[in-house]
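The values are calculated or read from the model by the stated rules, or taken from the named source; none is laboratory data. The structure displayed is predicted, hence computed values, not measured ones. Note that each Cβ is placed from the backbone with ideal geometry, even for glycine, and that neighbours are counted across all protein chains shown.
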Amino acid sequence: MKKQKYGRIIMTSSASGIYGNFGQANYSAAKLGLLGLANSLAIEGRKSNIHCNTIAPNAGSRMTQTVMPEDLVEALKPEYVAPLVLWLCHESCEENGGLFEVGAGWIGKLRWERTLGAIVRQKNHPMTPEAVKANWKKICDFENASKPQSIQGWSMVA
C-alpha cells in the first residue's frame, strides 16, 4: 500500500467493544482494541493516501441465528453492511479514522466527547480525593463538551 501510495483498510469492531456487553469482557476488549489500532493506522497512513476506518456491524449470521429471532436475523442481513464497506474502500472516499455503526439499512458515525473538566490540582497543594469530589459536577458536565480528534487535544491541559 505504501509503495502504491493508496490503500483502504476496514477494521470490524462490535457494539460490544464500544458499549460493553454482559459476559463478553474478553471479546469487548479485543473489539475496542481494534479501534485503537485503526486510529493509529489512519494517522500513520494519511500521508500515503492509506485510509483506515472501523465498522461495528449489527448483522444476522450463522453465529447469531441461534440467539436471535428469525425475523431479526432477516432484518439484519450482511447485505445491509456491505454498501458501507464498499463506499469506505472506494478511491474517491476521503473518510479516514471514522467509526461507524451499521445494520438493518441504518448507518451512524460515532465520535468521542470530552467535558471541559476541571483543574483539581492547586498550586503548592497535594491533589486529594476530596478535591476530585468537590469538582465532580464540573468534571462530568457535558453541556459544553468538545469533540477531540487527536491525542494532542489532551496535552493542552497539562
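Tabulated data for the structure shown
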quantity: Pair list, Cβ under 8 Å, 6 or more apart: segment 91-110 residue touching a residue at least 40 places away in the same chain (Cβ under 8 Å), other residue loosely packed, with under 12 Cβ neighbours inside 10 Å and not in a strand (DSSP E or B); calculated: L99/R111
quantity: Test result for G17, under 21 Å from G103 (Cα atoms), of a type in the set (G, A, S) and not in a loop (DSSP other than H, G, I, E, B); calculated: yes
quantity: Meets criteria (modelled with pLDDT under 95 and assigned to a loop (DSSP other than H, G, I, E, B)) for S150; calculated: yes
quantity: Residue match in segment 47-54 (condition: of a type outside the set (K, R), within 21 Å of W106 (Cα to Cα), touching a residue at least 24 places away in the same chain (Cβ under 8 Å) and assigned to a helix (DSSP H, G or I)); calculated: no
quantity: Total residues in segment 82-119, condition exposed (fewer than 11 other Cβ atoms within 10 Å of the Cβ) and aromatic (F, W, Y); calculated: 1
quantity: Sole residue being within 21 Å of the chain's Cα centre (by Cα), more than 24 Å from M1 (Cα to Cα) and not assigned by TED's automatic domain parsing to the domain that holds S146, chosen from A42, A82, A104; calculated: A104
